[in-house]
Amino acid sequence: MTRPIIFWTFTLLSVTLYAQTSRKYSNEFLNIGVDAGALGMASAVVASSGDVHSGYWNPAGLLSLEDQQMGLMHASYFANIANYDYAAFAMPLDQDRAVGISLIRFGVDNILNTTQLIDSQGNINYDNITLFSAADYALTFSFAKRLQLSGIELGGNAKIIRRIIGDFASSWGFGFDLGMQYKIRDRWQFGLMLRDITTTFNTWQVNQEAFSTISGAVFGQNQEAPETTELTLPKTQLGVSRLLEFRADMSLRAELDLNMRFTQTNDIIATQGFSMTPALGLEFGYLDIVYARMGAGNLQNGVDIFGDTTTEFQPNLGLGFKYKGIKVDYALTDIGDQSTALYSNIFSLTLDWSYFR
């Protein structure tokens, strides 16, 4: 008897889980990004991020907060199949310290479970179809502190990760990030973000009863249960930002980031143990009320249908509006490369309490 849903679930787990093995792509939902303002700039905000969303981009940026802030975002991907939800809160403790907390959920809901569609007598019974969800969660606690003597701002994240695939498998994970920012007269800004610096790990628990129903269903596959420890390799982001002001009502912020992984990928610069791709973002502001953004990043090497090497990139666009402590941002962004046509319309909301006191 074929059991397609559980078969493909455990096929995925078999590919991604190996005992004490580091993976090139693990916990990738944490790399999608938050805040439509940042996504409109191709996520090139490691140096300039300075609001509640800094807990995600660079926790050192939380020191730019003047009061409490809240951030919210909802996005749908893959033709509304997957939903991405994010909420964050941050506040300064004093002039030299700030804290934040954020929660991310990325999930696919209402997946059909057809494992019991055909009963033991070979009859099809549609009443046996049930629904389940596959969801990833991340709860992040952020802390930032300013070093008075050097002017360097430091921040760190502690992450708790929860991943669930219906009743079939689940995992707990833990990890840490470290961020740094340095400013020169608020014109030049430099940023460094070290993600998963201790190698983030996920420990999986597999439902052995569910696995037994599909073990050996296809010859040579799913003969043994997958191992249960998944390790996420560290990643590094370097950024430099420049703010230009024209007269008293217009500004232009430009940032260049270098995103690096310590493994070989399809990035534009790739060696056996190191890969890097740049991201460039531009933000034009008028009266500190209206913003227009654009960016390009995720430069990848690929191969076309003729076997020729190609270079692909991800262009993004965005708009923003801020008035009396309420900021609404929009981004037209792609979570893959531009050839996939999987562009999404993303909105985010930021509330600043300083305007309401």
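The values are calculated or read from the model by the stated rules, or taken from the named source; none is laboratory data. From a predicted model like this one, the values you see are computed outputs, not experimental measurements. FYI the Cβ positions are ideal-geometry reconstructions off the backbone, even for glycines, and counts take in every protein chain you see.
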Being assigned to a strand (DSSP E or B) and modelled with pLDDT of 95 or more is the requirement here; does residue 255 meet it? yes
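Can residue 167 be described as farther than 16 Å from residue 62 by Cβ and under 21 Å from the mean Cα position of the chain (by Cα)?
Working: farther than 16 Å from residue 62 by Cβ: yes; under 21 Å from the mean Cα position of the chain (by Cα): no.
Answer is no for this residue.
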Could you grab me the full set of residues in the range 142-170 that are modelled with pLDDT under 90 and over 30 Å from residue 113 (Cα atoms)? 148, 149, 150, 151
Residues located in the range 254-280, provided they are more than 14 Å from residue 237 (Cα to Cα), surrounded by 16 or more Cβ atoms within 10 Å (Cβ to Cβ) and small (Gly, Ala, Ser): 254, 270
Would you confirm whether or not the range 78-91 contains a residue that is assigned to a strand (DSSP E or B) and on the phi > 0 side of the Ramachandran plot? no
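Do you know which of the residues in the range 36-83 that are of a type in the set (Phe, Trp, Tyr) and at pLDDT 95 or above is farthest from residue 151 (Cα to Cα)? Steps first, answer last, please.
Kept after step one, since they are of a type in the set (Phe, Trp, Tyr), are these residues of the range 36-83: 56-57, 77-78.
Keeping just the survivors that are at pLDDT 95 or above gives 56-57.
Details: 56: 22, 57: 20 Å.
Taking the candidates together, the pick is 56.
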For the range 93-130, which residues satisfy the criterion of being surrounded by 12 or more Cβ atoms within 10 Å (Cβ to Cβ), acidic (Asp, Glu) and not in a strand (DSSP E or B)? 96
Members of the range 64-79 that are crowded, with 21+ Cβ neighbours inside 10 Å and over 29 Å from residue 108 (Cβ atoms): 65, 69
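Going by the structure shown, is residue 306 more than 30 Å from residue 351 (Cβ to Cβ) and in contact with a Leu (Cβ under 6 Å, 6 or more places away or on another chain)? Steps first, answer last, please.
On the way: more than 30 Å from residue 351 (Cβ to Cβ): yes; in contact with a Leu (Cβ under 6 Å, 6 or more places away or on another chain): no.
No: the conditions fail for residue 306.
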